[in-house]
Amino acid sequence: MHSRLLTALLTATLGAGTSLALANDAYTLTIKDHRFEPAELTIPADTRVKVTVKNLDPTPEEFESYELNREKIIAGGKEAIVYIGPVQAGRYPFFGEFNQDTAKGVIIAE
Ligand SMILES: [Cu+2]
């Protein structure tokens, strides 16, 4: 909610061509019971964003995305930062490599 409001404010204030100004826009993914929440995370296209991945499970998980060229291990009960983008508008699947049956999601850039 806060991020969307901030984005709207900055967009309204600064106008076009200022996507770099949103580089600190922050998002959170939570891992619980070997699932990502939210399973679909919308981010702005053409913008570098910071995603904090919080692992609430006691076991390690690896955030992995071939499409985003990212992989990061998050120990049980810990959190890690993953920077994503800038990417073109589109859908970018990700998964938890240690629990691939349940830990699945998609980043939607728009
Ligand atoms: Cu991996």
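The values are calculated or read from the model by the stated rules, or taken from the named source; none is laboratory data. The model shown is predicted, which means the values in this text are computed figures rather than measured ones. Cβ coordinates were reconstructed from backbone atoms using ideal geometry, including for glycine residues, and neighbour counts include every protein chain displayed.
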Subset of the stretch 43-61 (residues that are surrounded by fewer than 18 Cβ atoms within 10 Å (Cβ to Cβ) and within 14 Å of the ligand (Cβ to nearest atom)): Pro60
Filter the stretch 76-99 for residues that are over 12 Å from the mean Cα position of the chain (by Cα) and under 16 Å from Lys32 (Cβ atoms); the one that is farthest from the ligand (Cβ to nearest atom) is Gly77
Name the pairs: first residue in the stretch 17-41 and at positive phi, second residue among the charged types (D, E, K, R) and modelled with pLDDT of 90 or more, Cβ to Cβ under 9 Å, at least 6 apart or on different chains? Asp33/Asp57; His34/Asp57; His34/Glu61; His34/Asp101
Consider only pairs whose beta carbons are under 8 Å apart and that are at least six residues apart or on different chains; among these, list those whose first residue lies in the stretch 81-94 and is surrounded by fewer than 16 Cβ atoms within 10 Å (Cβ to Cβ) and whose second residue is among the hydroxyl-bearing types (Ser, Thr, Tyr) and assigned to a strand (DSSP E or B). Ile81/Thr52; Pro93/Ser65
